[in-house]
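Quick note: the coordinates plus some simple rules give every number you see, no bench work behind them. Since this is a predicted model, take the numbers as computed values, not measurements. When we count neighbours, we look across all protein chains shown, and the Cβ atoms used for this are built from the backbone with ideal geometry, even at glycine.
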Amino acid sequence: MIRDTCQLISQGDLDTARLRILSGFPFVPLENAGRNYSDVQKTQIFIRDGFIDRYSGEKLVFPPVLRLMSKLMPDEFPYHSNWKMSECHIAYWQLSPTIDHIVPVARGGADEGSNWACTSQLRNSAKANWFLEELGWELHPPGDLREWDGLLHWYVDYANDHAEIKADPWFRGWLRTAENVIN
């Protein structure tokens, strides 16, 4: 299709080239449905998917666990608010779960739980707006929380045992989220 269109362009037949593209490879604009999920919804998806990267099958870690490690060990496990790779531990990219739209919203996918998958920041960034088939990726089955819970329960226990963690609004918010989801 592209070769034939280029040949038509070379022949100076731009009108026929336009028709060829319109009939065989048309641009179809899609309405962007947006992205709208709360920390509670994210945590529910992380739990639903068993803290497993659904694109690789690798284990992921409940987000505040890594930040807690950075708070307690800033030199050994640095954090950067914009995840600047030269200043932030690579674990944030490899192990932090996030929500990805299996069918990208930019390509017509719905912004709803049935189209959400738990994945790492790294794979979410790599996947961008591609379909799994275009990347040669597959959707791995969810994990089993009895085998791996992303250290969610460890975080709840640790935060509840350490008043200084509960005093920090960011950590307290994630603690409330975790407790609401697991109770």
Worksheet entry | Long-range HN-HN contacts of residue 116 with modeled amide H, under 5 Å | 102
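Taking 10 °C and 1.306 mPa s as the conditions, I'd like the Stokes-Einstein D for the chain in µm²/s, using the Kirkwood hydrodynamic radius from alpha carbon pairs.
Details: Rh = 18.9 Å.
The Stokes-Einstein estimate is 84 µm²/s.
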Fill in: Residues 46, 27, 131 arranged by fewest to most Cβ contacts within 10 Å
27, 131, 46
Practice prompt. Please turn the phi angles of the range 164-172 into ³J(HN,Hα) values with the Karplus equation 6.51 cos²θ - 1.76 cosθ + 1.60 (θ = phi - 60°), one per residue in order, whole Hz, x for glycine and proline.
Written response: 5, 6, 5, 6, 7, x, 5, 5, 5
Worksheet item: In what order do 182, 52, 2 fall by count of nearby beta-carbon atoms within 10 Å, going from fewest to most?
Response: 2, 182, 52
Practice prompt. Report, to the nearest 10°, how far helix 63-72 tilts away from the longest principal axis of the Cα atoms in the chain, using its own Cα long axis and a range of 0 to 90°.
Written response: 50 degrees
Worksheet item: In terms of modelled amide H atoms, which long-range or inter-chain residues lie less than 5 Å from the amide H of residue 62?
Response: 151, 152
Worksheet entry | Angle in degrees between helix 152-161 and the longest Cα principal axis of the chain, rounded to the nearest 10 | 40 degrees
Worksheet item: What does the highest-first list of 55-64, 166-175 look like by mean Cβ count within 10 Å?
Response: 55-64, 166-175
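Grab the beta carbon distance between residue 87 and residue 112, set R0 = 35 Å, and tell me the FRET efficiency rounded to 0.05.
Numbers: r = 35 Å, r/R0 = 1.01.
In this case the efficiency is close to 0.50.
About its Cα centre, how strong a charge dipole does the chain have in debye, to the nearest 20, once Lys and Arg get +1 and Asp and Glu get -1 at the Cβ?
On the way: 18 positive and 25 negative charges, 61 e Å.
Roughly 300 debye for the chain.
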